[in-house]
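Visitor: There's a structure below that I have some questions on.
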Amino acid sequence: MSSVSRLTPTLLLALASTPAFAADNTLTGDWGGLRQQLAADGITFTGDYSGETAYNAHGGLHRSARYSQNLKLGAQFDLSKLYGLDNGGKVQLTINDRRGNSASEDLVGNRLPIQENYGGLYTRLTELSYERNLSPALNLKLGYMAMGNDLGGLDSGILCNFMNAGFCGHPLNMSGGSGWTNYPNAHLGARLKYDLAPDWQLRVAAFNVDPESNGNSSRAWHLGPKHSTGTVLPLELVYKLRGQLPGEYKVGYYYDSSNVQRIGSSEEVAGRGGHYLLVDQAVWNDPALPGRSLHAFGQYSASSKAASPFTKWYGAGVVLYQPFAGRPRDTVALGYGRAVPNPRSRDVLEAAAFNAGQPFPDIDSAEQLIELSYGYQATPWLNLRPDVQYIVEPGAFSGKDIDNALVVGLQVKATF
């Protein structure tokens with residue numbers, strides 16, 4: 001880990017204690033009025049940092065800590081403002097840089113990434129897209145982008161009140177069993193949103209499938225594919241419940257046209273599909289304290305049994321917004337998740353152990369996760385999230401007998 005990486009969290013905490021920064025929505029402020037003027041002219045700059053430190057306190061493989069970080073810089077160009085066009089659309093440019101080490105790989109040996117910002121440890125182009133309304137009800141976005149920005153996750157952002165990637169983002173068996181890719185991996189594609197009614201929306205997309213570019217630093221700045229295997233086609237129906245107890249409901253299906261090897265066989269299977277259901281529903285509002293509410297969420301996803309090592313994901317939990325009267329932007333989150341390995345993958349592991357003359361451990365049929373976090377909004381631009389994760393059957397996917405692990409961590413998020 002570089003000296004810059006080690007100093008970043010300490011520097012952010014020092015800046016957070018400085019009153020001059022506390023009143024700003026971003027760490028760098030308004031740049032003497034320049035930032036606001038540029039936004040009025042059609043150019044908006046964004047940036048954020050996330051750092052995640054995780055210490056394995058019990059079970060797993062080793063007692064130690066690991067740190068990972070992500071730096072994101074972006075610029076949005078409003079073509080209507082810049083060139084005086086009527087409905088000119090917007091261009092989005094985003095760059096990511098990731099560094100660090102994995103607590104899951106090094107310390108616990110589990111499948112669900114303990115740090116959601118770990119993976120693809122290099123600087124890359126994450127998005128170069130164009131978006132425009134084709135009609136009042138129809139929106140088009142196309143270019144080089146990550147699928148999960150628009151599909152497969154909850155728009156409310158409730159799931160990123162957690163540090164584990166099993167919650168924060170889309171269900172991981174989507175990417176485990178198809179050409180659906182995890183952020184910040186991006187591919188060429190197009191997405192349409194159509195408002196069926198004020199509360200109903202249909203989303204459909206098509207993305208190039210290019211496994212050789214995923215996590216490949218030599219492809220960090222290449223928009224074109226290295227080796228296309230097919231196209232992944234997601235279809236999603238969204239319902240937004242209005243009123244005192246709002247909710248968000250998503251049901252989706254996706255199909256990947258790629259031919260891939262069937263698990264446990266030398267034969268190929270033509271095409272892989274899956275489906276999912278996502279829910280975020282407010283269940284309680286405090287009548288005496290506006291903004292204080294309790295939301296419940298649920299996740300279910302199933303993917304191809306022929307070619308996915310990770311066939312099902314179940315997730316559920318609650319998030320309390322504004323837990324204390326004096327902390328309007330704090331949150332408390334509790335979640336439970338269950339990741340189910342493909343029985344065919346288990347058969348392959350058992351056969352390998354038998355052929356090697358080694359015993360195969362008597363482990364459960366799924367990796368399970370319990371996570372508790374507290375989001376402390378230290379300043380308008382800095383969020384600190386102490387986090388505890390308890391991981392049951394960490395070796396469910398690797399076929400190894402690994403003790404249940406207790407991991408404590410801290411996530412730091414800052415907006416530039």
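Visitor: How many residues, within segment 174-228, are among the hydrophobic types (A, V, I, L, M, F, W, C), closer than 30 Å to Ile263 by Cα and either assigned to a loop (DSSP other than H, G, I, E, B) or in contact (Cβ under 8 Å) with a residue 60 or more places away in the chain (or both)?
Guide: We begin by selecting, within segment 174-228, every residue among the hydrophobic types (A, V, I, L, M, F, W, C); these are 174, 180, 186, 188, 190, 192, 196-197, 200, 202, 204-207, 209, 220-221, 223.
Keeping just the survivors that are closer than 30 Å to Ile263 by Cα gives 174, 180, 186, 188, 204-207, 209, 220.
Keeping just the survivors that are either assigned to a loop (DSSP other than H, G, I, E, B) or in contact (Cβ under 8 Å) with a residue 60 or more places away in the chain (or both) gives 174, 180, 186, 207, 220.
Of the residues in that region, 5 qualify.
Visitor: Only one of these is buried (at least 18 other Cβ atoms within 10 Å of the Cβ), touching an Asp or Glu at 6+ places or on another chain (Cβ under 6 Å) and modelled with pLDDT of 85 or more: Gly274, Gly335, Gly315. Name it. So that I can check it myself, show each step before the final result.
Guide: Working: Gly274 fails: touching an Asp or Glu at 6+ places or on another chain (Cβ under 6 Å); Gly315 fails: touching an Asp or Glu at 6+ places or on another chain (Cβ under 6 Å).
None of the others qualify; the one that does is Gly335.
Visitor: For segment 282-290, check the following and say yes or no: at least one residue is in a loop (DSSP other than H, G, I, E, B), modelled with pLDDT under 95 and closer than 30 Å to Leu125 by Cβ.
Guide: For segment 282-290, residues in a loop (DSSP other than H, G, I, E, B), modelled with pLDDT under 95 and closer than 30 Å to Leu125 by Cβ: absent.
Visitor: In addition: If I filter segment 299-329 down to residues being part of a loop (DSSP other than H, G, I, E, B) and within 20 Å of the chain's Cα centre (by Cα), which single residue comes out as nearest to Ser345 (Cα to Cα)? Walk me through how you get there before you give the answer.
Guide: At the first step, the residues of segment 299-329 found to be part of a loop (DSSP other than H, G, I, E, B) are 304-309, 322-323, 325-326, 328-329.
Add one more test, that the residue is within 20 Å of the chain's Cα centre (by Cα), and what stays is 308-309.
Numbers: Ser308: 9, Pro309: 6 Å.
Looking at the filtered set, the residue picked out is Pro309.
Visitor: For segment 352-361: of the residues being of a type in the set (Gly, Ala, Ser) and at pLDDT 75 or above, which is nearest to the chain's Cα centre (by Cα)?
Guide: At the first step, the residues of segment 352-361 found to be of a type in the set (Gly, Ala, Ser) are 352-353, 356-357.
With at pLDDT 75 or above added as a condition, the list becomes 352, 356-357.
Details: Ala352: 33, Ala356: 38, Gly357: 40 Å.
Once the filter is applied, the top-ranked residue is Ala352.
Visitor: State which residue is farthest from Gly273 (Cα to Cα) when the search covers only segment 199-241 and only residues that are at pLDDT below 95 and of a type in the set (Lys, Arg).
Guide: Arg219
Visitor: Of all residues in segment 28-60, count the ones that are crowded, with 16+ Cβ neighbours inside 10 Å and in contact with a helix residue (DSSP H, G or I) (Cβ under 6 Å, 6 or more places away or on another chain).
Guide: 5
Visitor: Can we say Glu248 is among the charged types (D, E, K, R) and more than 25 Å from the chain's Cα centre (by Cα)? Walk me through it before giving the result.
Guide: Working: among the charged types (D, E, K, R): yes; more than 25 Å from the chain's Cα centre (by Cα): no.
It is false that Glu248 is among the charged types (D, E, K, R) and more than 25 Å from the chain's Cα centre (by Cα).
Visitor: So Asn342 passes all but one of these: (1) farther than 24 Å from Val407 by Cα; (2) touching a Lys or Arg at 6+ places or on another chain (Cβ under 9 Å); (3) of a type outside the set (Ser, Thr, Tyr); (4) surrounded by fewer than 19 Cβ atoms within 10 Å (Cβ to Cβ). Which condition number does it fail?
Guide: (4)
Visitor: Give the residues of segment 362-387 that are exposed (fewer than 15 other Cβ atoms within 10 Å of the Cβ) and either modelled with pLDDT under 95 or of a type in the set (Asp, Glu) (or both), sorted by residue number.
Guide: Correct list: Asp362, Asp364, Ser365.
Visitor: Answer yes or no: is there a residue in segment 263-281 that is within 23 Å of His170 (Cβ to Cβ), of a type in the set (Val, Ile, Thr), more than 19 Å from the chain's Cα centre (by Cα) and not in a strand (DSSP E or B). First the steps, then the outcome.
Guide: Step one: filter segment 263-281 for residues within 23 Å of His170 (Cβ to Cβ), giving 263, 269, 271-281.
Narrowing the set further to residues that are of a type in the set (Val, Ile, Thr) leaves 263, 269, 279.
Now restrict to residues that are more than 19 Å from the chain's Cα centre (by Cα): 263, 269.
With not in a strand (DSSP E or B) added as a condition, the list becomes 263.
Yes, some residue in segment 263-281 is within 23 Å of His170 (Cβ to Cβ), of a type in the set (Val, Ile, Thr), more than 19 Å from the chain's Cα centre (by Cα) and not in a strand (DSSP E or B).
Visitor: Then there is this: Looking at segment 151-199 only, could you name the residues that are surrounded by fewer than 22 Cβ atoms within 10 Å (Cβ to Cβ), touching a Gly at 6+ places or on another chain (Cβ under 9 Å) and of a type in the set (Phe, Trp, Tyr)?
Guide: Within segment 151-199, none qualify.
Visitor: Can I ask one more? Need the failing condition index for Asp155 against (1) part of a strand (DSSP E or B); (2) in contact (Cβ under 8 Å) with a residue 12 or more places away in the chain, just the number.
Guide: Of the numbered conditions (1) part of a strand (DSSP E or B); (2) in contact (Cβ under 8 Å) with a residue 12 or more places away in the chain, the odd one out for Asp155 is (1).
The values are calculated or read from the model by the stated rules, or taken from the named source; none is laboratory data. Owing to the predicted nature of the structure, the values given are computational and were not obtained by experimental measurement. Note that each Cβ is placed from the backbone with ideal geometry, even for glycine, and that neighbours are counted across all protein chains shown.
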